[in-house]
Amino acid sequence: MILLVYKIAEYSYYIINLEVDKIPIEFSTLAYFLFGVVVLFKIKELYPVAAFASFISGIGYLLVFIFMGDQYVVIHGFYSTLIALSSHFILLLGSVLLKNIAIAKTKDIKYIIIYTVFYLIYVGIMNIIIDYSQSYLFINLLLKAEILENMLSTTDIANYIYWLYYIIIVGIYLLVIFIFFKIYERDHSKKIMH
């Protein structure tokens with residue numbers, strides 16, 4: 001609840017001050033709201049979706065922080081980095097707690113895919129409405145494949161490499177969902193045995 005209230009206050013402040021390029025589109029930023037609303041209102045059908053989004057956000061940030069934490073402090077400052085680190089840690093902890101009380105079923109994978117599709121549509125619409133070019137957003141770097149733009153010219157082979165890039169990204173995402181649910185199943189099996 002504290003995380004949800006804090007994030008609502010933070011993004012309300014940005015909107016009131018017309019800092020529209022701060023309207024959240026990152027996966028983890030939306031996970032704050034998804035996790036908070038699902039837990040606060042006890043929407044049990046969405047526990048696995050909230051647990052997954054929180055897990056990906058928390059573990060992803062913390063893993064990257066291990067290698068780039070000092071750069072985060074330089075770019076965002078100590079206070080903002082500390083808040084981001086704490087918030088992502090809460091998401092990771094929350095995902096573990098949700099995982100322990102929710103029973104994930106195969107149908108929940110469908111809900112995660114549906115959530116992901118809606119999320120990507122939201123990101124696309126927000127990028128049309130708002131200019132995020134001055135913001136360093138991981139989702140935009142990932143979806144626009146900016147890392148490839150610098151390496152490739154506009155040749156026919158470049159198109160195939162872009163397709164391969166997106167196929168690999170989707171494959172990795174689906175693999176993470178699969179691993180997440182295998183962990184869920186293993187933990188649930190242990191509970192049944194005890």
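The residues of the range 104-132 that are in a loop (DSSP other than H, G, I, E, B) and either open to solvent by 40 Å² or more (accessible area, probe 1.4 Å) or in contact with a Lys or Arg (Cβ under 7 Å, 6 or more places away or on another chain) (or both), listed by number, are Lys105, Thr106, Asp131.
Here is a list of conditions, (1) hydrophobic (A, V, I, L, M, F, W, C); (2) at positive phi; (3) touching a Ser or Thr at 6+ places or on another chain (Cβ under 9 Å), and Leu18 meets all of them except one; can you say which number that is? Only one criterion in (1) hydrophobic (A, V, I, L, M, F, W, C); (2) at positive phi; (3) touching a Ser or Thr at 6+ places or on another chain (Cβ under 9 Å) is unmet by Leu18, namely (3). Just one residue in the set Pro24, Pro48 is in a helix (DSSP H, G or I) and surrounded by 18 or more Cβ atoms within 10 Å (Cβ to Cβ); that residue is Pro48.
Can you tell me how many residues within the range 1-21 are free of Cβ contacts under 8 Å to residues at least 40 places away in the same chain and open to solvent by less than 80 Å² (accessible area, probe 1.4 Å)? Adding up the residues that qualify gives 8.
Restricted to the range 133-180, and to residues there that are at pLDDT below 90, aromatic (Phe, Trp, Tyr) and under 16 Å from the mean Cα position of the chain (by Cα), the residue that is surrounded by the most Cβ atoms within 10 Å (Cβ to Cβ) is Phe180. Among the conditions (1) in contact (Cβ under 8 Å) with a residue 24 or more places away in the chain; (2) farther than 24 Å from Leu174 by Cα, the only one that Tyr79 does not satisfy is (1).
Of the residues screened, Gly58 is one that is in contact (Cβ under 8 Å) with a residue 24 or more places away in the chain and either within 18 Å of Tyr173 (Cα to Cα) or not aromatic (Phe, Trp, Tyr) (or both). When you go through Leu98, Leu91, Leu82 one by one, which is the residue that is hydrophobic (A, V, I, L, M, F, W, C), at pLDDT below 90 and closer than 23 Å to Ile8 by Cβ? Residue meeting the stated conditions: Leu98.
In the set (1) of a type outside the set (Phe, Trp, Tyr); (2) surrounded by 15 or more Cβ atoms within 10 Å (Cβ to Cβ); (3) closer than 19 Å to Phe89 by Cα, Leu63 fails one condition alone, (2). Pairing residues of the range 116-128 that are over 19 Å from Ile172 (Cα atoms) with residues that are modelled with pLDDT under 95, at Cβ distances under 6 Å and at least 6 apart in sequence or on separate chains, gives Val123/Ile25; Val123/Ile139; Met126/Ile25.
Does Phe35 satisfy being crowded, with 17+ Cβ neighbours inside 10 Å and under 15 Å from the mean Cα position of the chain (by Cα)? Judged against the criteria, Phe35 is a match.
The values are calculated or read from the model by the stated rules, or taken from the named source; none is laboratory data. Just so we're clear, the structure is a prediction, and the values are computed from it rather than from any experiment. With ideal geometry, Cβ positions are generated from the backbone for all residues, glycine too; neighbour counts draw on all protein chains shown. Side chains included, ligands, DNA and RNA excluded: accessible areas come from the protein's heavy atoms. Shrake-Rupley method; radii C 1.70, N 1.55, O 1.52, S 1.80 Å.
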